[in-house]
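Participant: To start, I am sharing the structure in question, which I have written as structure tokens.
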Amino acid sequence: MGLIEQDIPTEHEGPRDWSHFLGQVVGLDVHDIPGIRAALTEGRERIANAFCHDAPIGRLVRARAELVDAVLVHAWNTLVDAQNACLVAVGGYGRNELLPQSDIDLLILYRPGMLDDIGPSLEAFLTYLWDLGLEIGHSVRSPDECAELAADDVSIMTNLMESRTLAGDPALFATMRAATSVEHIWPSADFFNAKVEEQNARHARFDETAYKLEPNVKESPGGLRDIQTIAWVAKRQFSTQTLDGLVDYGFLSRREFSELHRGQAFLWRVRFALHMLTGRAENRLLFDHQIRIAQLMGYDDEENTLAVERLMQRYYRNIKALSALNDVLLQLFSEAILHRADSERPRPINERFQARHGFIEVVSDDVFLETPSALLEIFYLMQTRPGLSGIRAHTLRLMRRDRRLINESFRNSLHCRRLFTEILRQRSGVIRALRRMNRYGILGRYLPNFGRIIGRMQYDLFHTLTVDEHTLFVIRNMRRLALSRFNDEMPFASALMQDLNKPQIMYIVGLMHDIAKGRGGDHSELGAIDARQFCETHGISSEDTDLVCWLVRRHLFMSMTAQRRDINDVQVVNEFAREVGSRERLDRLFLLTICDIRATNPDLWNSWKESLLTDLYNNARRALERGLDDPLSRDEMVAETRSAAAALLTRAKVNTPKFQKVWARFDPEYFLRHSAEEVARQTRAIVEHGDHERPLVSLTHIKEQGTTLFVYSRDRDYLFGVTTGVLAQLGLSVLDARINTTHDGYTLDTYVVAEENAEPVVDPYRVREVEQALIDAVADPLTESVDVTRRTSRRNRYFNVPTQIYFTQATERACTVMEIVTADRPGLLSIIGDVFHRCGILIETAKIATIGERAEDVFFITDRQQHAITNHSFLRELRATMIQELDQADG
């Protein structure tokens, strides 16, 4: 039997039709292998056709098991001596659940001492199944061997629990069942603990979340394996074969059973579609398949929401509900199995709540009905009482029943509003409370606009979590900065966060910054409107309300400035500081930006990006402290950098006349684009290098700044394209590029690079490999391009990113800003560099940003006379040439 009974025939093929077909299969000559293979194919096609016509999935899952049953039993009865052996289905097949490519797991039981006699016929049987093209997993054991192995391995025990006899001697099956019963091995308590540990370990492998871009339908938290875990424990404890049996025991309400039923059916449909599309037992909902599955399951695009996003939102909401049910049922099992004889008296907390076994519970079933605000109070009480580790299952069940009481009247209650803001004000447990509120369906009901983003994903490679999970991760990052025990992670940001007055303001901003995603329009502007409404209804002062709204409206401002503009330019910094306007806004915007980027995509965050934002913060802070009416000048910045770098070189005992001679060849722009530490490091390398005819290539990793590549050589054609091509072929990503040329024609090129997995380049052998490859390529005047043979990643191939190019004239200096949005791929910068050279373009600075599958690169360019490019006809031609080259290379 399946986990959930669903004995409904397909709409397009009644049970008699299917039974008749199975009868025809059994009527075939066993030795007619082509005929039986054809029957298996026809059966699979019938099932697939029924799926495409929306037949009930439970019936289809069982139909394939019935088809395999018919073939196996027919073959067994013909080929094997049934008196001394028994054919048993185990695992999913034992549950009567087979999806198109599911494993067919068999156990062959034999009577002790008879294996040699039946061995040849068993071998013939298994060979026959192989000839039919069936993927069979099998084991051959006696009942005693089964018991012995199961006693040592809970997975084997679980497999044997999900078994049913197909053919042969049923007495052998009965003997195995008796030997592995709860009276002999794996008492209920031990089995329960083992399965909970197994689930916890499995969840840990998925970072405790199923809200990833490419979830595993079977193994991720909230997936099919969680439903099976509930069923396994139920079977061991209550000997019930189906989950609806738990309703009779009072462990599952009819409503909860229906929710499990619907959830399992949806996951089965997704997994069924995966198997159909891939032709293999694929459980990962990869980007490759998501769009086609959305089409197969009948989803259409809607305004502001793609069909694939609708599918995935339903998927995420489904597993969220199943995860909450899993919590409730496993806790109920824990109370029934582990604490059944425990008579601990509850400890009163207040007139509504009490504690038992470290868990909070209501004093009566009508607490939430009589006092709806208790639905928020329970989370506040858990924050303020560290000894409470969770909510008892029965109370969770009541919360699920009564959360419908969170209506407009509830949200307008001053008491409820005070409770919610108090939760945000607490010194501990803020993120844990918010996560629980979201998990149990409270947060989305209290904040309806938050409810709309639950499970919402964006079909790209940039946003790795659903919007609600991302939001909670932002607040989690803020909390880690606020707690001194995490100071080692980000000391500078932690110190800022811990000095803030009213840190709860940041948590409100975190809740609101993406709350308008998916509505159309500018989500920052719409989110600011939501934020103002929240603040005004929750007693936030007008001054703090304005601060929250500004931060929500401008939450992308700092990251966009750092990644798209030249933050070494004094004018850019002054414009940024003028827009921010105050130190308090700057501090909070800096912290919000860090927490937002780290919660968007872990691969986006690295020491270089931290350094970039910190430099912008420090320069803007200095501008604010100096006064916006008295901004720093370029000459002052150059002089300060030269002075600081000279002090570092003198301390390192570098000859002053020698480094001053080197500097005499440098343009002032070089000192604006590099820190004093970089200037000192590169100057020292040039002085020590001595030989100007041989390229100098130096790869240096500094913890706070990332891995920096410095290339110093006589300038030549195609140098940018060659350098970036070599880096791409070596599997390195370019994060930033600053291109300078000395007065006497030498390059001073600085790149920030990282490995493809965003890790720094630190291994000495790897460093030498990179340096030598670049020296060889740069020194060879005949090398004009590098053939990048590395392939585009699997994920990126499934996104179509049309190339878009925009030009603006830089206000800060005499150059043109060219922004290129295109599909990311290995060797992209090399292609761009080649076009630039052919068009007579010089690069001053490049801001390289990979936004998931998209490259959004900004180049500060000039003509060969180092003037801004203002000829519109030339820019149109440059755009057309670049698009043609990039689209051709992408195709």
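The values are calculated or read from the model by the stated rules, or taken from the named source; none is laboratory data. The structure displayed is predicted, hence computed values, not measured ones. Note that we place each Cβ from the backbone using ideal geometry, even for glycine, and neighbour counts take in every protein chain shown. Accessible surface areas use protein heavy atoms only, side chains included; no ligands, DNA or RNA. Shrake-Rupley method; radii C 1.70, N 1.55, O 1.52, S 1.80 Å.
Participant: Answer yes or no: is there a residue in the range 126-136 that is in contact (Cβ under 8 Å) with a residue 40 or more places away in the chain and exposed (fewer than 14 other Cβ atoms within 10 Å of the Cβ).
Facilitator: Yes, the range 126-136 contains a residue that is in contact (Cβ under 8 Å) with a residue 40 or more places away in the chain and exposed (fewer than 14 other Cβ atoms within 10 Å of the Cβ).
Participant: Okay, moving on. Filter the range 652-672 for residues that are open to solvent by 10 Å² or more (accessible area, probe 1.4 Å) and assigned to a helix (DSSP H, G or I) and give the result.
Facilitator: T656, P657, K658, Q660, K661, V662, P668, E669, L672
Participant: Same structure again: Quick test of your reading of the structure: T641 fulfils all but one of (1) at pLDDT 90 or above; (2) part of a helix (DSSP H, G or I); (3) of a type outside the set (G, A, S); (4) open to solvent by 40 Å² or more (accessible area, probe 1.4 Å). Name the failing condition by number.
Facilitator: Among (1) at pLDDT 90 or above; (2) part of a helix (DSSP H, G or I); (3) of a type outside the set (G, A, S); (4) open to solvent by 40 Å² or more (accessible area, probe 1.4 Å), the lone unmet condition for T641 is (4).
Participant: Please state which one of I883, I843 is crowded, with 16+ Cβ neighbours inside 10 Å and outside any helix (DSSP H, G or I).
Facilitator: The match here is I843.
Participant: Among the listed residues K195, K218, which satisfies the condition of being of a type in the set (D, E, K, R), open to solvent by less than 20 Å² (accessible area, probe 1.4 Å) and in contact with a helix residue (DSSP H, G or I) (Cβ under 9 Å, 6 or more places away or on another chain)?
Facilitator: Step by step, each of K195, K218 is checked, and only K195 is of a type in the set (D, E, K, R), open to solvent by less than 20 Å² (accessible area, probe 1.4 Å) and in contact with a helix residue (DSSP H, G or I) (Cβ under 9 Å, 6 or more places away or on another chain).
Participant: Then there is this: Out of the residues in the range 556-593 that are farther than 20 Å from M478 by Cα and acidic (D, E), which is surrounded by the fewest Cβ atoms within 10 Å (Cβ to Cβ)?
Facilitator: Looking at residues that are farther than 20 Å from M478 by Cα and acidic (D, E), I get E579.
Participant: Can you tell me which residues in the range 223-269 are under 21 Å from L396 (Cα atoms), open to solvent by 20 Å² or more (accessible area, probe 1.4 Å), of a type outside the set (S, T, Y) and not in a helix (DSSP H, G or I)?
Facilitator: Scanning the range 223-269 gives G250, F251.
Participant: Now for a separate question. Looking only at the range 364-384, decide whether some residue is open to solvent by 60 Å² or more (accessible area, probe 1.4 Å) and either at pLDDT below 95 or of a type in the set (G, A, S) (or both).
Facilitator: no
Participant: Scan the range 735-757 residue by residue and report those that are farther than 25 Å from K661 by Cα, in a strand (DSSP E or B) and open to solvent by 20 Å² or more (accessible area, probe 1.4 Å).
Facilitator: Scanning the range 735-757 gives L735, E755.
Participant: What residue, among those in the range 486-534 that are among the polar types (S, T, N, Q) and in contact with a helix residue (DSSP H, G or I) (Cβ under 7 Å, 6 or more places away or on another chain), is surrounded by the most Cβ atoms within 10 Å (Cβ to Cβ)?
Facilitator: S494
Participant: For the condition touching a residue at least 60 places away in the same chain (Cβ under 8 Å), open to solvent by 10 Å² or more (accessible area, probe 1.4 Å), of a type in the set (S, T, Y) and at negative phi, what is the one hit in S713, S675?
Facilitator: S675
Participant: Okay, next question. Just to be sure before I move on: is H74 over 27 Å from S163 (Cβ atoms), in contact (Cβ under 8 Å) with a residue 12 or more places away in the chain and open to solvent by 10 Å² or more (accessible area, probe 1.4 Å) in the structure I sent?
Facilitator: no
Participant: Tally the residues that are out of contact with any helix residue (DSSP H, G or I) (no Cβ under 8 Å at 6 or more places or on another chain) and either open to solvent by less than 70 Å² (accessible area, probe 1.4 Å) or of a type in the set (S, T, Y) (or both), restricting the search to the range 862-877.
Facilitator: 7
Participant: I would also like to ask the following. Could you name every one of the helices (runs of 4 or more DSSP H) located completely within the range 300-387 that has at least 2 residues being under 37 Å from the mean Cα position of the chain (by Cα) and among the basic types (K, R)?
Facilitator: 307-337
Participant: Let me ask another. With respect to L109, determine if the residue is without any contact (Cβ under 8 Å) to a residue 60 or more places away in the chain and open to solvent by less than 30 Å² (accessible area, probe 1.4 Å).
Facilitator: So L109 fails the test.
Participant: Kindly evaluate L419 against the criterion of being part of a helix (DSSP H, G or I) and either on the phi < 0 side of the Ramachandran plot or surrounded by fewer than 19 Cβ atoms within 10 Å (Cβ to Cβ) (or both).
Facilitator: yes
Participant: Here are some conditions: (1) open to solvent by less than 70 Å² (accessible area, probe 1.4 Å); (2) at pLDDT below 85. D32 meets all but one. Which one does it not meet?
Facilitator: Among (1) open to solvent by less than 70 Å² (accessible area, probe 1.4 Å); (2) at pLDDT below 85, the lone unmet condition for D32 is (2).
Participant: Restricting the range 299-330 to residues that are free of Cβ contacts under 8 Å to residues at least 24 places away in the same chain and not hydrophobic (A, V, I, L, M, F, W, C), which is least open to solvent (accessible area, probe 1.4 Å)?
Facilitator: Y299
Participant: Something else about it: How about the range 422-440: which of its residues are open to solvent by less than 10 Å² (accessible area, probe 1.4 Å) and closer than 24 Å to T600 by Cα?
Facilitator: Result: L424, V430, A433, L434, M437, N438.
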